[in-house]
Structures are given as structure tokens and as C-alpha cells.
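The next block holds one structure in the form of C-alpha cells; read it before the comments.
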Amino acid sequence: MTMLAALSACAPKPLLLTVTPSTAKVYGYSPRGDSTLLGQGGSASVIVKDEGTRVLITADGYRPVSRVFTKADVQSGGLKFALTTWRFPINIDPFDADGRVDGVVQPRRSFVLEVERDKARTLEITKPGYRRIVKRYENLEGTQPPTIERFQLTDRAVLLTVAPAGTTIEVAGKPIGENAAEIAVPPGQCTAVRAVRPGFMPVEKQYCEGPAFAALPLTDKIELRDRMVAVSAEPATADIFVGGRKVGTGQFNVAIRTGSCAEVRIEAPAFSAQRREYCNQDNAQPIPFDDLVKLGRDEAWDLSLASDQANVNFTIEVGDKRTADDAWKTISQIITNSFDVLEVTDKETGYLRTGWNVRRFSDKVIRTRVIVKLADSNPLKYTIKLASEKADEGRATVKDDELFREWDRILLQYKDLINEAQTRLR
């Protein structure tokens with residue numbers, strides 16, 4: 001018993017080794033290089049010899065660590081050991097693709113990437129005509145490394161540049177870059193691209209990959225040249241006309257093609273109309289991105305009223321007790337009370353036409369005249385037309401017929417003229 005106790009007391013004590021991650025394996029090595037699995041799953045029992053024991057700790061995704069433990073380590077009773085540096089292989093396809101780690105070109109398409117604890121590294125894989133792959137590896141406590149990474153460039157790509165500076169590139173309605181971007185095109189599919197910039201007409205283009213389509217270019221360029229102005233009117237009920245055609249109410253995006261001009265007119269009842277001209281030409285005034293047009297109050301509107309008597313032939317039947325001479329005299333009196341100039345007057349044919357009475361406002365000219373015709377002799381009838389026209393140009397003269405158009409309103413000073421004729425000719 002004494003001999004056995006002595007032998008037991010001299011027997012080597014094992015070193016309890018706790019390792020992380022839990023997937024780590026611990027191998028012991030003999031002087032001849034033979035290896036023996038000592039433990040896995042997070043712990044191992046190591047017999048430390050007099051000359052020391054070499055141990056190798058490995059785990060998928062980590063850089064292995066080799067260490068020699070001595071008798072001094074046994075005195076601690078147990079040790080904790082952690083693998084912290086990631087180490088895993090990278091495989092890239094196709095073979096001629098470039099792999100870069102933190103911007104440094106790797107010499108081979110297959111290599112091993114190492115990431116130390118609390119560090120990060122960025123992998124970028126590129127090949128002209130293909131969509132690049134970028135992946136960032138960040139070795140933080142609690143995160144797990146991959147055991148192996150395989151990358152294959154499959155999506156084709158076009159390196160697109162746009163002008164002018166500040167142009168945004170969109171795919172599926174989402175911005176992917178400004179001034180330049182890589183456009184990915186999956187096999188057998190198409191990718192629609194839109195280049196947009198305030199003040200310019202957007203340009204759309206489609207890139208397709210597959211045997212049914214033309215070969216994709218490696219690079220392409222889109223230049224925005226047609227301009228656009230977002231015109232807003234105040235009041236918001238104002239109508240917007242471009243080239244004489246109504247295009248919207250309140251607001252409208254006006255396109256101006258390269259080398260051309262766009263004439264815009266904004267008008268609303270009771271307000272003075274305004275014109276704008278935008279020219280997309282060399283040496284022209286700069287075109288704004290947006291333009292708020294505030295309409296001022298129309299003086300002519302306030303001094304007139306809407307009337308169904310404007311520019312319409314009204315037939316007036318003369319009363320039985322009135323002679324033709326008496327009726328003609330009455331008509332002449334009514335008209336000359338408002339009009340000084342009679343251009344034509346012929347009692348025999350029953351025709352009378354006044355000259356134009358002109359009323360000028362800051363932004364328009366209103367001209368008014370009366371035309372009388374004999375409609376019937378038995379019973380005696382006359383037609384009276386109150387012609388009311390306007391020109392939306394403050395410098396227009398009465399002879400500029402091409403600038404005038406019929407106006408569905410009459411100035412207040414003429415509002416009772418036809419009614420008076422109807423009353424007095426009875």
C-alpha cells in the first residue's frame with residue numbers, strides 16, 4: 001500500500017484546458033510528430049510531460065494555434081484558451097476575375113483570408129462586364145466566421161456615367177448612384193435605368209442580357225439635354241397653356257427640347273394673364289428649375305360683367321305705333337349716347353356700325369362697338385350686336401385685328417344699351 005501510494009503521488013496530473021469556440025478540437029503531438037485527439041466540445045485534458053507537451057488547437061473558420069505546455073502550467077489547475085483570429089478560404093469564379101482585400105489585389109483566385117479580433121476587412125471581386133461583389137467581414141466578439149466562401153460572378157453589368165454633374169441614376173424607382181453607377185443585369189433579364197436631375201427631362205434606358213438581345217456594352221453614357229420647368233400658378237385654379245394648348249391647371253412640368261423654346265401662358269378668371277418663354281438654346285437666359293407665377297387682379301374684370309348679350313345678334317321688334325323714321329331716330333340716339341364715331345350709317349338699308357371704343361388697361365385692351373341691321377320690314381325688326389373683344393397685350397392698337405378675340409364680358413358702361421333699345425322701341 002505504501003508503494004502504491006507513492007506511485008500514485010508521483011503520477012503526472014492532467015491540465016484541464018477550456019477552449020473557445022466550442023467547436024474547437026485539441027490535438028497532442030509526440031516528438032515524432034504523431035497527433036492524438038485530446039478533446040473537443042470546449043474542453044480537453046492534457047497530460048503534461050517533463051519535457052513539455054505540444055498542443056494544437058483548431059476550429060473551422062479560425063487560425064489554429066500551437067503551444068507547448070509545461071509543468072508550470074499544471075500548477076494553475078486549469079487554463080482558458082480562445083481562438084480569436086478568423087481564417088477561411090476564398091474561392092472565386094471565373095478564374096480571371098480580380099479579387100481585392102482592402103484594395104490590395106490578390107495573386108490567385110483562391111486564397112485564405114484572415115481577420116483579427118475587433119478588426120474588419122473588405123473583399124471586392126470584379127471583372128469588366130460583370131456586376132462586382134463587395135463583402136465586409138467584421139470580427140467582433142460573439143460573431144461567427146464562415147468556414148469557406150465561394151463567389152461566382154453571374155450578373156452582367158454596365159458601367160454607366162451620366163451628365164451633367166449632379167444627375168441621379170435610378171433603378172426600380174430607387175437611387176443607386178450619382179454621376180456614375182454600376183448597372184446589374186441578371187442573366188436572361190432586363191434592367192430599366194432612369195437618369196434624373198431637377199430642371200431636366202428624365203431619360204430612360206433599358207439594358208438586357210441574353211441570346212435574344214444585343215451584346216451589352218462594358219460602359220455607357222447618358223446625357224440630359226432637354227430641359228424642364230415646374231410651372232406653378234397662383235391662384236391654383238389658373239389654367240396653363242403651352243403653345244396655345246391647355247395642358248394643366250395649377251401646375252405643370254413644361255418640357256423644352258434642345259434648341260427650342262416653349263411659350264407658356266397662365267390665365268384665370270378675374271386675374272390678369274401672364275406669359276413666360278423658356279429657351280433651351282445657347283446664349284439664352286438660364287432656365288429655372290421651377291417658376292411660381294402669381295397672377296395679379298384683372299382691372300378689366302372688375303369693370304365688366306359676364307353677359308349673354310356680348311357678340312350675339314339680338315332681334316328687337318318695333319312697336320306698332322312707331323314709324324320707321326321714329327324707330328331709326330331712337331336707335332341712333334341710344335347708340336350715339338355711348339359712341340362718338342359712326343363708321344357707317346344708312347337709314348335706307350337700315351344699317352349702322354360704330355367705330356371701336358377702346359379702353360386700355362395695364363395688360364390688355366378692350367374694344368367695343370355696335371352693329372345694327374334691318375331684320376324685317378313687316379313687322380319692323382332690327383338686330384343689334386354689341387361686339388366686345390379683348391387683346392391680351394397692353395400695347396395693342398385698335399387696328400391690330402389679329403391680336404383681338406371675342407370676349408364674353410362687356411364693360412359696365414354698355415351693360416344697359418341693348419335693354420334700353422328693347423324698352424324704347426316698343
Those residues of segment 377-426 which are among the hydroxyl-bearing types (Ser, Thr, Tyr) and under 23 Å from Pro269 (Cβ atoms) amount to Ser388, Tyr414
In segment 125-158, anything surrounded by 13 or more Cβ atoms within 10 Å (Cβ to Cβ) and farther than 30 Å from Pro217 by Cβ is listed as Tyr137, Asn139, Pro145, Pro146, Glu149
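Just one of Ala255, Ala273, Ala262 is surrounded by 15 or more Cβ atoms within 10 Å (Cβ to Cβ) and either without any contact (Cβ under 8 Å) to a residue 40 or more places away in the chain or touching a helix residue (DSSP H, G or I) at 6+ places or on another chain (Cβ under 7 Å) (or both); which is it? Give the steps one after another, and end with the answer.
On the way: Ala255 fails: either without any contact (Cβ under 8 Å) to a residue 40 or more places away in the chain or touching a helix residue (DSSP H, G or I) at 6+ places or on another chain (Cβ under 7 Å) (or both); Ala273 fails: either without any contact (Cβ under 8 Å) to a residue 40 or more places away in the chain or touching a helix residue (DSSP H, G or I) at 6+ places or on another chain (Cβ under 7 Å) (or both).
Just a single option satisfies the conditions, and that option is Ala262.
Collect the residues in segment 167-193 that are assigned to a loop (DSSP other than H, G, I, E, B) and either of a type in the set (Val, Ile, Thr) or within 14 Å of the chain's Cα centre (by Cα) (or both), keeping them in residue-number order.
Step one: filter segment 167-193 for residues assigned to a loop (DSSP other than H, G, I, E, B), giving 167, 172-173, 179, 186-189.
Hits for segment 167-193 are Thr167, Ala172, Gly173.
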Over segment 321-342, the set of residues touching a strand residue (DSSP E or B) at 6+ places or on another chain (Cβ under 9 Å) and either assigned to a loop (DSSP other than H, G, I, E, B) or free of Cβ contacts under 8 Å to residues at least 24 places away in the same chain (or both) is Arg322, Thr323, Trp328, Ser332, Thr336, Ser338, Phe339, Asp340, Val341, Leu342
Can we say Leu305 is over 19 Å from Gly243 (Cβ atoms), under 24 Å from the mean Cα position of the chain (by Cα), not in a loop (DSSP other than H, G, I, E, B) and not charged (D, E, K, R)?
no
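Return the only residue of Ile287, Ile240 being more than 30 Å from Lys381 (Cα to Cα), out of contact with any Ser or Thr (no Cβ under 8 Å at 6 or more places or on another chain) and not in a helix (DSSP H, G or I).
Just one listed residue meets the conditions, Ile287.
Are any residues in segment 47-59 farther than 23 Å from Trp86 by Cα and buried (at least 19 other Cβ atoms within 10 Å of the Cβ), and if so, which ones? Steps first, please.
Of the residues in segment 47-59, the ones farther than 23 Å from Trp86 by Cα are 47-53.
Listed by number, the residues that qualify are Val48, Thr53.
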Picked from segment 404-426 (must be among the acidic types (Asp, Glu) and within 30 Å of Asp320 (Cβ to Cβ)), the residue surrounded by the fewest Cβ atoms within 10 Å (Cβ to Cβ) is Asp416
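If we scan segment 226-235, do we find a residue that is modelled with pLDDT under 95 and over 18 Å from Ile287 (Cα atoms)?
If we filter segment 226-235 for residues that are modelled with pLDDT under 95, which is where we start, we get none.
No; the residues of segment 226-235 include none that is modelled with pLDDT under 95 and over 18 Å from Ile287 (Cα atoms).
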Review point. Does Thr122 fit the bill of being among the polar types (S, T, N, Q), more than 30 Å from Val158 (Cα to Cα) and surrounded by 13 or more Cβ atoms within 10 Å (Cβ to Cβ)?
Key: no
Taking segment 10-42 and the residues there that are within 60 Å of the chain's Cα centre (by Cα) and outside any loop (DSSP other than H, G, I, E, B), the one that is surrounded by the most Cβ atoms within 10 Å (Cβ to Cβ) would be Val19
Checked Lys373, Lys381, Lys385, Lys364 against criteria (of a type in the set (D, E, K, R), surrounded by 14 or more Cβ atoms within 10 Å (Cβ to Cβ) and within 30 Å of Gln251 (Cβ to Cβ)); the one match is Lys364
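The values are calculated or read from the model by the stated rules, or taken from the named source; none is laboratory data. The shown structure was predicted, so the numbers you read here are calculated from the model rather than taken from an experiment. Counting neighbours? That spans all protein chains shown, and the Cβs are built from the backbone with ideal geometry, glycine included.
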